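Colleague: Take this structure first; my questions come after.
The values are calculated or read from the model by the stated rules, or taken from the named source; none is laboratory data. Everything numeric here is computed off the predicted structure, so don't read it as measured data. Note that we place each Cβ from the backbone using ideal geometry, even for glycine, and neighbour counts take in every protein chain shown. Only protein heavy atoms, including side chains, enter the accessible area calculation; ligands, DNA and RNA are left aside. Shrake-Rupley method; radii C 1.70, N 1.55, O 1.52, S 1.80 Å.
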Amino acid sequence: MNVVDRPVPIRACWLSWLAVNTADQAAVVRQLGLTDVRACTWATGADLVDKVAHSGEDRFSTVVVTPDLSGWTLVFGAWLGLPYLAATDRVTRHCEQLSARFGQAQAYFHSDYDGEAWLIAEHGTVLRRWVAEYPELALGEPFGVERRLLDTFGIPGRPEDLDPDDDPALSWAATWGGCWATTVAAEHSLDPTVIGPSTPSTGTVLIAGTP
């Protein structure tokens with residue numbers, strides 16, 4: 001009797017991922033130029049995401065690609081980490097190109113230690129990029145849950161425009177306003193830390209090398 005491989009939550013101390021609004025896993029793999037692609041189970045892929053995040057410089061060499069999850073394909077790995085300055089521009093280009101092809105593409109970084117980051121692109125255009133460690137990298141205007149939480153904190157403008165020594169900035173930065181990358185992802189695509197066996201999924205998890 002075949003055992004059906006069901007989705008499991010993806011968690012890591014430093015969790016970087018792309019969310020692409022397509023069920024075409026193979027097209028995402030080709031667009032990103034991934035190599036040495038092989039199949040694995042959900043459990044193996046989830047374990048590898050966390051292991052790779054702790055692998056020093058080697059962490060940029062491997063990614064894990066989910067199958068279709070409710071119409072989204074997710075790609076995990078530090079190679080896609082917005083706060084890694086050597087990767088920020090490249091990840092931004094990937095989102096622009098993928099969103100031009102598939103309509104929507106997003107990048108996220110979630111960490112217990114190093115702040116939060118996200119990028120939301122639609123039809124080839126970046127609507128918002130926020131990197132908590134580097135506010136100067138911000139693009140676009142806050143919207144959605146980010147805007148609502150800023151309003152709750154009494155911040156009428158953009159967090160990147162605040163004086164970092166003023167009370168509003170210090171209050172926001174203390175917990176990033178409760179505005180985690182997973183919070184933003186839950187509104188705009190999928191929060192990978194809460195996916196599970198009941199999440200609709202079609203296909204096989206892949207491990208791949210980066211270009």
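Colleague: Gap in Å between the Cα centre of region 33-87 and the Cα centre of region 88-113?
Modeller: 14 Å
Colleague: Thinking of region 108-172 as a set of Cα atoms, what percent of all their pairs are more than 18 Å apart? Each step should come with its number before you reach the end.
Modeller: Details: 757 of 2080 pairs.
Percentage above 18 Å: 36.
Colleague: Report the accessible area of residue 126, computed with a 1.4 Å probe over the heavy atoms of all protein chains in place, in Å² rounded to the nearest 10.
Modeller: For residue 126, solvent-accessible area is about 30 Å².
Colleague: Given +1 on the Cβ of Lys and Arg, -1 on the Cβ of Asp and Glu, and no further charges, what dipole in debye does region 93-146 carry about its Cα centre, rounded to the nearest 20?
Modeller: Details: 4 positive and 9 negative charges, 73 e Å.
The dipole magnitude comes to about 340 debye.
Colleague: Could you give the accessible area per residue of the chain, probe 1.4 Å, as a whole number in Å²?
Modeller: Values: 9530 Å² over 211 residues.
Solvent-accessible surface per residue comes out at 45 Å².
Colleague: Then there's this: Find the eigenvalues of the gyration tensor of the Cα atoms of region 126-211, then list the square roots of 5 times those eigenvalues as equivalent ellipsoid semi-axes, largest first, in whole angstrom.
Modeller: Numbers: eigenvalues 187, 49, 27 Å².
Over the Cα atoms of region 126-211, the semi-axes work out to 31, 16, 12 Å.
Colleague: So for region 160-200, what are the equivalent ellipsoid semi-axes in whole Å, largest first, each being the square root of 5 times an eigenvalue of the Cα gyration tensor?
Modeller: Details: eigenvalues 198, 17, 5 Å².
Equivalent-ellipsoid dimensions as semi-axes: 31, 9, 5 Å.
Colleague: Considering only 125, 76, 23, whose Cα is most displaced toward the positive end of the charge dipole of the chain, charges sitting on Cβ of Lys, Arg (+1) and Asp, Glu (-1)?
Modeller: 23
Colleague: Another question about this same structure. Please get the size of the charge dipole for the chain, origin at its Cα centre, with Cβ charges of +1 on Lys and Arg and -1 on Asp and Glu, quoted in debye to the nearest 20. Intermediate values should be presented prior to the final figure.
Modeller: Working: 14 positive and 27 negative charges, 193 e Å.
Taking the Cα centre of the chain as origin, the dipole is about 920 debye.
Colleague: While we're on this one: Using a 1.4 angstrom probe on heavy atoms only, work out the carbon and sulfur share of the accessible area of the chain in %. Don't skip to the end; give the middle numbers.
Modeller: Values: 4970 of 9530 Å².
Roughly 52 percent of what the probe reaches on the chain is carbon or sulfur.
Colleague: Could you compute how fast region 5-64 diffuses translationally, taking Rh as the Kirkwood radius over C-alpha pairs and applying Stokes-Einstein at 37 °C with viscosity 0.692 mPa s? Give it in µm² per second. Could you put the intermediate results ahead of the total?
Modeller: Numbers: Rh = 12.7 Å.
This corresponds to a translational diffusion coefficient of 258 µm²/s.
Colleague: Remind me, what semi-axes does the chain give for its equivalent ellipsoid, largest first in whole Å, using sqrt of 5 times each Cα gyration tensor eigenvalue?
Modeller: On the way: eigenvalues 171, 57, 55 Å².
Over the Cα atoms of the chain, the ellipsoid semi-axes are 29, 17, 17 Å.
Colleague: Still on this structure: If I build a Gaussian network model for the chain, linking alpha-carbon pairs within less than 10 angstrom, which residue out of 103, 178, 56 has the largest mean-square fluctuation?
Modeller: 56
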